[in-house]
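The values are calculated or read from the model by the stated rules, or taken from the named source; none is laboratory data. No experiment lies behind these values; they were computed from the predicted model shown. As a convention, Cβ positions derive from the backbone with ideal geometry for all residues, glycine included, and neighbour counts pool all protein chains shown. What goes into the accessible areas is simple: the full protein's heavy atoms, side chains included, and nothing from ligands, DNA or RNA. Shrake-Rupley method; radii C 1.70, N 1.55, O 1.52, S 1.80 Å.
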Amino acid sequence: MSRVAELSLDPALARRIRFVGLDVDGVLTDGGIYLGDADGARLEFKRYDIQDGLGIHFLRDAGIRVGIVTGRVSESVRLRARELEVDDLAQDPQAQKFPALVRMLERHGLSFADAAFVGDDFPDLAVLRAVGLPVAVGNAAPEVARECAVRLTRHGGRGAVREFAELLLKARGEWDDVVERYVRARTPRGAEVAS
């Protein structure tokens, strides 16, 4: 039995969600940051989970907008957001995530009730308290997890976003279709399937 099968989500609530916001450090990554210097230039590296990226692709394929909201400014995040073709990116060095999410929702004509947000720590709390579907990664701070309707089993940077994408899309009845479209798009025409 998959770990996702242990979690459940009300189908009506799942169908209401039209926007998924994601924190970066501790959600899209494990929270670790590699800092360095090369010839006086500051370098920052983060590790991202490939399965999380595919989960984001599946959300977008299902017509759900995805935004990244982070309290740090990082070239790594800008590159990953562009690679994933997310709809919105906000990097705020003061960790003012709430106003950034308000701007994203307004841009798309959506309300907080139409949004889910995946977070892990105190900078996410104001947003988590406002959205229609607050979600905590498996290793979220206990105070944050208590505020969330969904508590994932997977940790940040270790497949938590993919777990949520699967949970949401299954509750909406869209998971199988999204997966099949993905596989079909990568199957050469005329290729035979072994039986």
Reported set for region 31-69 where residues are acidic (Asp, Glu) and modelled with pLDDT under 95 is 37, 39, 44
Checked pairs for region 171-188, first over 15 Å from residue 54 (Cβ atoms), second of a type in the set (Ser, Thr, Tyr), C-beta under 9 Å and 6 or more apart or across chains, list as 171/8
Find the residue count for region 11-29, including only residues that are charged (D, E, K, R) and either modelled with pLDDT under 95 or under 17 Å from residue 93 (Cα atoms) (or both). 2
Restricting region 85-142 to residues that are under 22 Å from residue 169 (Cα atoms) and of a type in the set (Phe, Trp, Tyr), the one least open to solvent (accessible area, probe 1.4 Å) turns out to be 117
Can you tell me how many residues in region 143-176 are in contact with a helix residue (DSSP H, G or I) (Cβ under 8 Å, 6 or more places away or on another chain), surrounded by fewer than 21 Cβ atoms within 10 Å (Cβ to Cβ) and either modelled with pLDDT under 95 or acidic (Asp, Glu) (or both)? 2
Restricting to region 50-78, count the residues that are assigned to a loop (DSSP other than H, G, I, E, B) and either under 13 Å from residue 25 (Cβ atoms) or in contact with a strand residue (DSSP E or B) (Cβ under 9 Å, 6 or more places away or on another chain) (or both). 5
Check region 24-36 and report whether any residue there is part of a loop (DSSP other than H, G, I, E, B), open to solvent by 70 Å² or more (accessible area, probe 1.4 Å) and among the β-branched types (Val, Ile, Thr). no
Expected single match for under 20 Å from residue 145 (Cα atoms) and in contact with a Lys or Arg (Cβ under 9 Å, 6 or more places away or on another chain) among 63, 53, 119 is 119
Helices (runs of 4 or more DSSP H) within region 107-195 that include 3 or more residues touching a Phe, Trp or Tyr at 6+ places or on another chain (Cβ under 9 Å): 125-130, 160-171, 175-185
Within region 79-95, track down each residue that is modelled with pLDDT under 95 and in contact with a strand residue (DSSP E or B) (Cβ under 9 Å, 6 or more places away or on another chain). 92, 95
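Looking only at residues that are of a type in the set (D, E, K, R) and assigned to a loop (DSSP other than H, G, I, E, B) in region 79-106, which one is farthest from the chain's Cα centre (by Cα)?
92
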